[in-house]
Structure formats: structure tokens, C-alpha cells
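To start, the structure under review is shown below, and the notes come after it.
The values are calculated or read from the model by the stated rules, or taken from the named source; none is laboratory data. These figures come from a predicted structure and were not determined experimentally. Heads up, the Cβs are rebuilt from the backbone with ideal geometry, glycines too, and the neighbour counts pull from every protein chain shown.
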Amino acid sequence: MQIESFKVFCDLTETESFTEAAEISGITQSAVSQQISSLERQFKCLLIERSKKKFRLTREGSLLYEAGKNIMQSYEALQCRLQEATDLVSGNIRVATIYSIGLHDLPPYLKKFLRLYPTVNVHVEYQRANQVYDDVLGNVVDLGLVAYPTREPRLEVVELRRDPMVMICHPNHPLARKKQIAISELRDERFIAFEPDIPTRKALDKLLRDENVAVNTTMEFDNIETVKRAVEIEAGISIVPASTVAQEIAKNTLVALTFIGLDINRPTAVIHKKNKVLSPAMKQFIEVLRQDP
């Protein structure tokens, strides 16, 4: 019996999806089914209840999962120790990131990392924040990049940096003539917001409530690029990380203003599953993310 069979079974159990388990290992769904059938023949028992609409392990399947998880952790730890003993940094890293970090903050760090470790393959996926957490917990990816990290018992959070937040508007907007504004000046302004379930939106909503500032939310989007495009067509103003609008400011399609008397920053972090065995490549990737680009 091959170690890959345990890995596929553990991935399937954690994702509860033949499709996602196949994607993790780079194989077909049919191959996943074959691996599970092979394990069932090996142990002469059913591991998954086929009659249930919702994915569910049999009692024997639960026992095998617990044992398989321990086997995989030991195997991955051995791989890491062998790589560390030979000073070898190679392999694959699967990263899920929210759009704003992936598009604007990650590129210089990724470039630096690949220059230092050219034999490492980094696969990056852009997701909504909730999906990043799900993918990390489901072992679909190794690492997640998020803003306003949620403290969760099953996760390790490695804090990175705090990004300054700025108010953005069209150059023709009356507020564009200023360099700084009081947050009270946003009262009743047409506001382009992130969707309600996005952590940055929740943080900004709390900030505005605390400052007793009510804005007129006219549009809600799930990613930073669409928010910026809406501001560019004069649909309203918004508050975004300064790093995400550098190009627009340089081209004079947007104006960014800081706040008087308020230091508004967005915390960012790397997350990974607690007790996950980090390969030398993953450790070095996190280390690069913590440095200056």
C-alpha cells in the first residue's frame, strides 16, 4: 500500500469533496475513487457511506482517518527533516490569498522568494476571505494570506504588517482639493463599500459607527479592483489600503487622502493549519513575507 493512498483519503475526508481532493493531488476524480476502493479492498471494509447525500465516513473510515493523519504527519515531518539536513529548499507551495493582497502586496515578495529559491513552485489562488479560511482548514492549500485575521483554535496566525488606509475619490470630487480630511467629512457621502461579509468591510463599519459617521452606501463589491473602478466613474468615495491605489494615484485617476487625528491601518497575516508540518520551502516563504520586499 502506498503512502499516497493515505494522503488522498485524508484530503477527501477533510474537504468532503472528490473534486477538491483530486485537485490537491493533481489527479482525476476517477483516480481518487480508485484510491479509496483500493484502501477498502486492502482493509476489507467500507470507508465511506455511499448511500448518504452528505459525505460521511463509516466507523472504520473514521478510525483509518485518525491513523492516516498521524502517518501523513510523520511522513511529512521526515521529509522536512531530510530536506533540512541537506539544506534543500524545493517542492510546491499552495497559497490562497484575498484579492487585494494577492494583486498588490504579494508580487514583490513572490519575486524575491523565487529569485532566492528557483526550484520551488508557488501556486497562488485568489479567493474571498471566507474561502481562504476554508481552503486552509480543508488542506486544499498550505498557506493563506488574509486581512484582519480571525483567531481560530485550528489555525496558526503569523502577523505580517499593518497597511495604512486612505480615503479615495475622483479628482473632480470636492474633497479632492484637500490633502487630509476629518473622518466626520464623510458623513452622508455616497460610499462604495466591500460586501458585508468581508473582514475589511466589518472593520470599516465599526470605525464609522465609533466615530458616529453615517455614510450613504450606494454600491457593494467583493474585490478591491471593482471598488476602485466604481470610484473612478464618480459613483462615490471609498476607504481602501494605500498600497492598492498607487498606480491610480500616479495616473491621476484617483486621489487619496489621509485622516486627521486617526491612524487607520489594516493588519495582514499568514495563516496555516495548526500542527501542520511546514516544509523548509514554506518556512522560508513565510520568512520572506515578513521582511521588506
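Data table
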quantity: Residues of the range 184-210 satisfying the condition of being within 16 Å of M165 (Cα to Cα), not in a helix (DSSP H, G or I) and not β-branched (V, I, T); calculated: F191, A193, F194
quantity: Condition broken by K112, with the remaining ones in (1) assigned by TED's automatic domain parsing to the domain that holds N275; (2) out of contact with any Pro (no Cβ under 9 Å at 6 or more places or on another chain); (3) basic (K, R); (4) farther than 30 Å from S17 by Cα satisfied; calculated: (2)
quantity: Count of the range 72-112 residues which are loosely packed, with under 15 Cβ neighbours inside 10 Å and at pLDDT below 85; calculated: 14
quantity: Odd one out for E4 among (1) assigned to a helix (DSSP H, G or I); (2) charged (D, E, K, R); (3) over 18 Å from D142 (Cα atoms); calculated: (3)
quantity: Test: residue in the range 60-81 that is farther than 19 Å from K273 by Cβ, in contact (Cβ under 8 Å) with a residue 12 or more places away in the chain and within 27 Å of the chain's Cα centre (by Cα); calculated: no
quantity: Filter result (farther than 19 Å from I98 by Cβ and either under 22 Å from the mean Cα position of the chain (by Cα) or buried (at least 20 other Cβ atoms within 10 Å of the Cβ) (or both)) within the range 193-230; calculated: V215
quantity: Residue check, D11 of a type in the set (D, E, K, R), surrounded by 13 or more Cβ atoms within 10 Å (Cβ to Cβ) and not assigned by TED's automatic domain parsing to the domain that holds V132; calculated: yes
quantity: Tally, over the range 122-170, of residues that are within 30 Å of T253 (Cα to Cα), of a type outside the set (D, E) and under 14 Å from the mean Cα position of the chain (by Cα); calculated: 10
quantity: Of all residues in the range 274-286 being modelled with pLDDT under 95 and surrounded by fewer than 20 Cβ atoms within 10 Å (Cβ to Cβ), the one that is farthest from G138 (Cα to Cα); calculated: Q284
quantity: Options I260, I271, I198: the member that is outside the structural domain of G102 (by TED's automatic domain parsing) and either over 30 Å from T15 (Cα atoms) or modelled with pLDDT of 95 or more (or both); calculated: I260
quantity: Test: residue in the range 236-257 that is under 23 Å from the mean Cα position of the chain (by Cα), part of a strand (DSSP E or B) and among the hydrophobic types (A, V, I, L, M, F, W, C); calculated: yes
quantity: Failed condition for R50, given (1) outside any helix (DSSP H, G or I); (2) touching a residue at least 40 places away in the same chain (Cβ under 8 Å); calculated: (2)
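Quick grid of which residues meet (1) buried (at least 19 other Cβ atoms within 10 Å of the Cβ); (2) touching a residue at least 24 places away in the same chain (Cβ under 8 Å); (3) closer than 30 Å to D135 by Cα:
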position	(1), (2), (3)
E159	no, yes, yes
P171	no, yes, no
A176	no, yes, no
K179	no, yes, no
S184	no, yes, no
F191	yes, yes, no
